[in-house]
1. By how many nm would the segment from Gln119 to Glu152 lengthen if fully extended, with 0.36 nm per residue of separation less the alpha-carbon distance?
2. Using only the heavy atoms of the protein chains and a 1.4 Å probe, how would Ile91, Ile131 rank by accessible area, largest first?
3. Please report, in cubic angstrom per residue, the volume enclosed by the convex hull of the alpha-carbon atoms of segment 61-111.
4. When the helices in the chain are scored as -39500 (n - 2.57) per DSSP H run of 4 or longer and the sum is shared across all residues, what 222 nm value do you end up with, to the nearest 500 deg cm²/dmol?
5. At a Förster radius of 45 Å, what calculated FRET efficiency corresponds to the Cβ-Cβ distance of Arg35 and Glu159, to the nearest 0.05?
6. I'd like to check one number: the per residue accessible area of segment 1-62, probe 1.4 Å, reported in Å² as a whole number.
7. R0 = 22 Å: FRET efficiency of Asn50 with Asp192, Cβ-based, nearest 0.05?
8. Would you mind calculating the relative contact order of segment 106-163 from Cα pairs under 8 angstrom and at least 6 residues apart, reporting the percent as a whole number?
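The values are calculated or read from the model by the stated rules, or taken from the named source; none is laboratory data. The structure displayed is predicted, hence computed values, not measured ones. Counting neighbours? That spans all protein chains shown, and the Cβs are built from the backbone with ideal geometry, glycine included. Note: accessible area is taken over every heavy atom of the protein model, side chains too, but ligands, DNA and RNA are not part of it. Shrake-Rupley method; radii C 1.70, N 1.55, O 1.52, S 1.80 Å.
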Amino acid sequence: MYIRAAEQNAHDNYKLLIGSIIPRPIAFVTSIDERGIVNAAPFSFFNIVNDEPLMIMFSCVRKSGGEMKHTASNILGNGEFVVHIVDEDNIAAINHTSINAPEGISELTLAGLTPVPGQMVKVPRVAECKIAMECRLTRHVELEHCDMIIGEVLGFYVEDELIHNGRIDAAKLKPVSRLAGATYAAIGRTFDMDRPQY
Ligand SMILES: Cc1cc2nc3c(=O)[nH]c(=O)nc-3n(C[C@H](O)[C@H](O)[C@H](O)COP(=O)(O)O)c2cc1C
């Protein structure tokens, strides 16, 4: 079949997109509001966008009334955030942070997660995450009803046992990705393949 996006409603298009672009890595993002209250939420519209300088992006879909999510408004307010990698040990608690908490209530407290002071940013990282990247906002791109946040990674927190010869051991990290709806995936069978030489 061939499906013209313009001939379907937005929800059916959305289902095709999130069911096709899988698995999606999940950024667990902490940010702080003007009172210093820590906000935390997961985002699977997330990836690397540059390697020098190190830049990553994630996208916050606006609420139905067009209002920005707290994560986006906090980052636009003070320019800092921390992105954590979601894994099999912390996914349940992190899923809990996606609750639409009212302003002023920290999702970290609701989910029983522990803030740890940042090194290069005022935003804390979360102790239960094995990898955290402290980021500074470099660009905010407004995309119809999304706020794409692009940030430079200033520093990495990585649990010691995850690193071997400077590389992250995926088997120890046990990252979790998102498929469509409420379905998640752990790393399954992996295989290596050499790149062709010309
Ligand atoms: C695994 C997972 C992935 C999500 N990915 C996104 C995403 O990419 N973009 C988005 O806007 N919301 C996403 N959400 C929903 C947000 O986490 C949710 O709206 C959250 O309440 C936003 O919090 P905030 O208003 O404090 O920023 C995701 C939720 C889950 C559980």
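1. Values: separation 33, 0.36 × 33 = 11.88 nm, distance 1.48 nm.
Here the answer is 10.4 nm.
2. Details: Ile91 35, Ile131 10 Å².
Result, largest first: Ile91, Ile131.
3. Details: hull volume 5.2 nm³, N = 51.
Spread over its residues, the Cα hull of segment 61-111 gives 102 Å³ apiece.
4. Estimated from H runs of four or more residues: -4500 deg cm²/dmol.
5. Working: r = 31 Å, r/R0 = 0.68.
Here the calculated transfer efficiency is 0.90.
6. Working: 3780 Å² over 62 residues.
Per-residue value: 61 Å².
7. Working: r = 26 Å, r/R0 = 1.18.
Calculated transfer efficiency: 0.25.
8. Details: 79 pairs, mean separation 15.1, N = 58.
Contact order relative to length: 26 percent.
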